[in-house]
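Accompanying notes for the structure given below.
The values are calculated or read from the model by the stated rules, or taken from the named source; none is laboratory data. This structure is a prediction, so every number in the text was calculated from the model and none was measured. Virtual Cβ from ideal backbone geometry, glycine too; neighbours counted across all protein chains shown. Accessible surface areas use protein heavy atoms only, side chains included; no ligands, DNA or RNA. Shrake-Rupley method; radii C 1.70, N 1.55, O 1.52, S 1.80 Å.
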Amino acid sequence: MAVDTEAHFTTAPLSGVLGAEVSGLDLSVALGGEVVADLRRAFVEHQVLVFRGQNLSPEQQIAFGAQFGELDTHPFVVANPDHPEVIEVITEADDVTNFGGGWHSDLTFLERPDLGSILYAVKPPPHGGDTLFASQFAAYDALSDTMKSMIDGLTAVHSAGPQYGDGGLSTQSKAMATKDADEAMKHTVEHPVVRTHPESGRKGLFVNQAFTVRIKGLRAPESAAMLQLLHGYATHESFTCRVQWDPGTLVMWDNRSVQHFALFDYRGHRRHMRRITIKGDRPT
């Protein structure tokens with residue numbers, strides 16, 4: 001059922017766990033302060049917001065995102081030459097891999113990982129190319145009290161190396177240009193395994209397969225076993241929603257509480273998306 005939010009827009013849930021489709025807004029124009037505040041509340045509540053039928057230039061997408069915070073630049077991906085905040089996420093028809101495939105949360109290898117990402121469909125493939133999202137609140141809540149007591153207070157090490165170092169998975173796309181591989185290999189940070197959301201106060205898992213390399217203080221086999229278990233919870237299908245893309249669809253998601261997976265089931269077709277991200281804070 002659609003929910004009227006202060007008469008500014010309506011939201012309709014995508015699943016029983018996370019995600020909502022938002023109707024009634026034109027994102028190409030500046031939104032009023034009350035509308036932005038209501039959107040922010042909906043964003044924190046639903047974790048993933050989907051806007052259909054938008055027509056956005058890079059400048060308009062940047063202006064929309066800037067209403068929610070300072071925009072970030074990616075340290076290891078070559079940006080749009082005219083807009084350093086923008087990454088053109090492209091998979092060519094003859095690519096053998098896609099950028100963003102595999103479960104992850106964006107840029108957790110930063111000391112202050114991005115608050116959220118905003119992805120716009122410039123030209124999605126004629127079929128396939130959906131994105132899956134998983135609630136890390138739901139994953140944490142599903143753990144037993146014993147397991148929660150074991151992982152609360154643990155620290156994980158995150159690195160850009162597995163994705164952006166020499167031979168990294170995100171360097172193998174033909175269409176996407178990466179940079180500074182040596183720096184990516186050296187780049188590690190520590191974050192809590194369980195993160196408290198700074199706005200909602202809810203606890204969620206904060207480890208992911210792309211960037212989390214080990215749990216501090218555990219021997220290698222212990223760390224690997226613990227991460228395998230947590231990754232399984234983090235991406236269980238019962239904690240997910242799925243977004244199908246049409247031209248002009250825009251999706252924003254909360255990297256503090258969500259993982260995502262860009263499916264690659266459209267070989268032989270080109271997929272062109274445009275992404276910006278919002279700077280975040282240090283996880284606690």
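Let me confirm something: among Phe68, Phe64, which residue is crowded, with 21+ Cβ neighbours inside 10 Å and either without any contact (Cβ under 8 Å) to a residue 60 or more places away in the chain or among the aromatic types (Phe, Trp, Tyr) (or both)?
Working: Phe68 fails: crowded, with 21+ Cβ neighbours inside 10 Å.
Going through Phe68, Phe64 in turn, just one is crowded, with 21+ Cβ neighbours inside 10 Å and either without any contact (Cβ under 8 Å) to a residue 60 or more places away in the chain or among the aromatic types (Phe, Trp, Tyr) (or both): Phe64.
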All-but-one check, Gly204 against (1) in contact (Cβ under 8 Å) with a residue 60 or more places away in the chain; (2) open to solvent by 50 Å² or more (accessible area, probe 1.4 Å), failing number (2)
Of (1) open to solvent by 60 Å² or more (accessible area, probe 1.4 Å); (2) free of Cβ contacts under 8 Å to residues at least 24 places away in the same chain; (3) under 30 Å from Val213 (Cβ atoms), Pro81 satisfies every one except (3)
Restricting attention to segment 147-193, which residues are surrounded by 14 or more Cβ atoms within 10 Å (Cβ to Cβ), out of contact with any Gly (no Cβ under 9 Å at 6 or more places or on another chain), among the aliphatic types (A, V, I, L, M) and over 15 Å from Val78 (Cβ atoms)?
-> Met147, Ile151, Ala156, Val157, Val189
Within segment 111-132, work out how many residues are touching a Pro at 6+ places or on another chain (Cβ under 8 Å), open to solvent by 10 Å² or more (accessible area, probe 1.4 Å) and assigned to a loop (DSSP other than H, G, I, E, B).
-> 1
Return the residue satisfying two criteria in turn: it lies in segment 6-37 and is surrounded by fewer than 19 Cβ atoms within 10 Å (Cβ to Cβ) and among the charged types (D, E, K, R), and of such residues it is nearest to Asp246 (Cα to Cα).
-> Asp26
Within segment 134-193, the residues that are without any contact (Cβ under 8 Å) to a residue 12 or more places away in the chain and part of a loop (DSSP other than H, G, I, E, B) are Ser144, Gly167
Consider Leu107 carefully, then state whether it is on the phi > 0 side of the Ramachandran plot and modelled with pLDDT of 95 or more.
-> yes
Can you tell me which residue among Gly280, Gly204, Gly248 is part of a strand (DSSP E or B) and closer than 27 Å to Gly65 by Cβ?
-> Gly204
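Looking at segment 209-227, which of the residues that are among the charged types (D, E, K, R) and surrounded by 11 or more Cβ atoms within 10 Å (Cβ to Cβ) is farthest from Val194 (Cα to Cα)?
Within segment 209-227, the match that is farthest from Val194 (Cα to Cα) is Glu222.
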Of those in segment 213-236 that are assigned to a helix (DSSP H, G or I) and among the small types (Gly, Ala, Ser), the residue nearest to the chain's Cα centre (by Cα) is Ala234
Give the residue, chosen from Gly16, Gly100, Gly24, that is in contact (Cβ under 8 Å) with a residue 12 or more places away in the chain and over 18 Å from the mean Cα position of the chain (by Cα).
-> Gly24
Assuming Arg275 fulfils every condition listed in (1) buried (at least 17 other Cβ atoms within 10 Å of the Cβ); (2) in contact with an Asp or Glu (Cβ under 7 Å, 6 or more places away or on another chain); (3) not β-branched (Val, Ile, Thr) apart from one, which condition is it?
-> (2)
